[in-house]
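Worksheet: one structure, shown below.
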Amino acid sequence: MTRVAEFSVDRIQLLDAAGVLVGDSPDVARDRNRVIDMYRWMVLTRAFDARAIALQRTGRLGTYASSLGQEAVAVGLADAMERDDVLLPSFREHGAQLRRGVTMNELLLYWGGDERGSDFSGARHDFPCCIPVGSHAPHAAGVGLAIQLRGEPWVAVCVFGDGATSKGDVYEAMNISGAWTLPVVFVASNNEWSISVPRSAQTACETLAQKAVASGFEGVQVDGNDVFAVREVANRALEKARSGGGPTLIEALTYRLGDHTTVDDASRYRDDEEVGRHWKQEPVARLRAFLTTTHEWTREDEETMIESCHAEVEAAVEEYLATESQPVESIFDYLHEKLPSAYAGQRGMALGEEGDR
Ligand SMILES: Cc1ncc(C[n+]2csc(CCOP(=O)(O)OP(=O)(O)O)c2C)c(N)n1
Ligand SMILES: [Mg+2]
């Protein structure tokens, strides 16, 4: 017998659950202002999430997917990206979108069903949220190919969930990205659940990271509740892709602390004990503990930051609520250059006109 292939998967953690640095201290951890900046994006994302849920509960926003507990994946990743890299998010990467310059008002418009929310004023080349699970992975390969053909130094960054790694789209995208050495970073945000399906029922793979191996590139696991480690691993993957080294799959180990979306009730399929255990690992408290012990972060600093984040969120909510709705016919007017005849009647119905059905 000849062994023809072997592989291993590394897991990286720099900040443990108590907020204590383990192993090498990354440069960014020594820079108080940089740490505070990352922390603020995470706190802001959490404040935004809570407010978005309240808006949905009071009938002023559509179905919303909270990123509670997953803020470090989004912020660490976006912090490592260059402005002209291209983010292809799924629906739980609010922190990354905000950090990259999408405004809170735009996010609220999007989740309120207004497509103008996807016409970002910042991050112009980033893709809108992708709701069909994993279907943006082939788009990421396409973006990577365009970057490669143009000889640009940018990277396409595609984020999806653990469940999405079971999708053909994701496998196909990873395969072609490996075959063509495309500048793409795939990030599987493993929050342990795909709505009510646990990670253990999703795949027989020991890690999701190893799904990269069959595509011919490296897969790595990172503690997704550790913003320093996420940033570090993302940096390495981005630099590799930028310098012609091809793709990486990053599996970020995190947890969905909230319901799947506002139309879900997670208490029906998972127990409080499990959720409680994961609250002890969560990313915001972890970074706060680090700031407190290492950078003299005080209770007053904390209160001031929380207040300013809430004020920022409230200003965005006011702007969102004051935005006039698009006319009902806009859904027809912007979908097709020339409206197919089959839809003409429907457009009339939407406008309340009498006509054939
Ligand atoms: C193609 C497709 N099938 C089914 C759904 C319904 N759906 C929405 S989210 C989701 C689970 C996704 O799980 P995961 O990829 O782990 O992402 P998470 O929601 O945990 O962030 C499903 C099945 C969908 N949006 N798209
Ligand atoms: Mg999931």
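The values are calculated or read from the model by the stated rules, or taken from the named source; none is laboratory data. Because the structure is predicted, anything quoted here is derived from the model rather than measured. Positions of Cβ are generated from backbone atoms using ideal geometry, with glycine treated the same way; all protein chains shown enter the neighbour counts.
Quick notes on this structure:
- Qualifying positions in the range 134-156 - in a loop (DSSP other than H, G, I, E, B), in contact (Cβ under 8 Å) with a residue 40 or more places away in the chain and surrounded by fewer than 20 Cβ atoms within 10 Å (Cβ to Cβ): GLU152, PRO153
- Comparison of SER189, SER200 shows that the only residue that is in the same structural domain as ALA140 (by TED's automatic domain parsing), free of Cβ contacts under 8 Å to residues at least 24 places away in the same chain and either of a type outside the set (Asp, Glu) or within 16 Å of ligand 2 (Cβ to nearest atom) (or both) is SER200.
- The residue that is surrounded by the most Cβ atoms within 10 Å (Cβ to Cβ), among those in the range 157-181 that are of a type in the set (Gly, Ala, Ser) and away from ligand 2 (no atom under 16 Å from the Cβ), is SER177.
- Filtered residues of the range 78-92 (kept if within 16 Å of ligand 2 (Cβ to nearest atom) and hydrophobic (A, V, I, L, M, F, W, C)): PHE91
- Here GLY178, GLY151, GLY117, GLY144 are screened, and the one residue that is over 30 Å from HIS310 (Cβ atoms), more than 16 Å from ligand 1 (Cβ to nearest atom) and in contact with a Leu (Cβ under 6 Å, 6 or more places away or on another chain) is GLY144.
- Out of ALA316, ALA285, ALA322, ALA289, one residue alone is in the same structural domain as ALA72 (by TED's automatic domain parsing), in contact with a helix residue (DSSP H, G or I) (Cβ under 7 Å, 6 or more places away or on another chain) and of a type in the set (Gly, Ala, Ser). It is ALA316.
- Within this structure, PHE160 passes the test of being under 27 Å from GLN281 (Cβ atoms) and touching a residue at least 12 places away in the same chain (Cβ under 8 Å).
- Identification of helices (runs of 4 or more DSSP H) wholly contained in the range 226-336 with 2 or more residues that are of a type outside the set (S, T, N, Q) and modelled with pLDDT under 95 yields 330-333.
- The helices (runs of 4 or more DSSP H) found wholly in the range 1-115 and carrying at least 3 residues that are among the aromatic types (Phe, Trp, Tyr) and in contact (Cβ under 8 Å) with a residue 24 or more places away in the chain occupy 32-57.
- Of all residues making up the range 186-211, the number that are away from ligand 1 (no atom under 13 Å from the Cβ) and polar (S, T, N, Q): 2
- For the range 223-268, a residue qualifies if it is more than 15 Å from the chain's Cα centre (by Cα) and of a type in the set (Val, Ile, Thr), and the qualifying residues are VAL233, THR248, THR262, VAL263.
- Count - residues of the range 183-221 that are of a type in the set (A, V, I, L, M, F, W, C), within 23 Å of ARG268 (Cβ to Cβ) and in a loop (DSSP other than H, G, I, E, B): 1
- Taking the range 59-76 as the range and being farther than 21 Å from ASP265 by Cβ and within 16 Å of ligand 2 (Cβ to nearest atom) as the test, the residues that pass are GLU71, ALA72, VAL73, ALA74.
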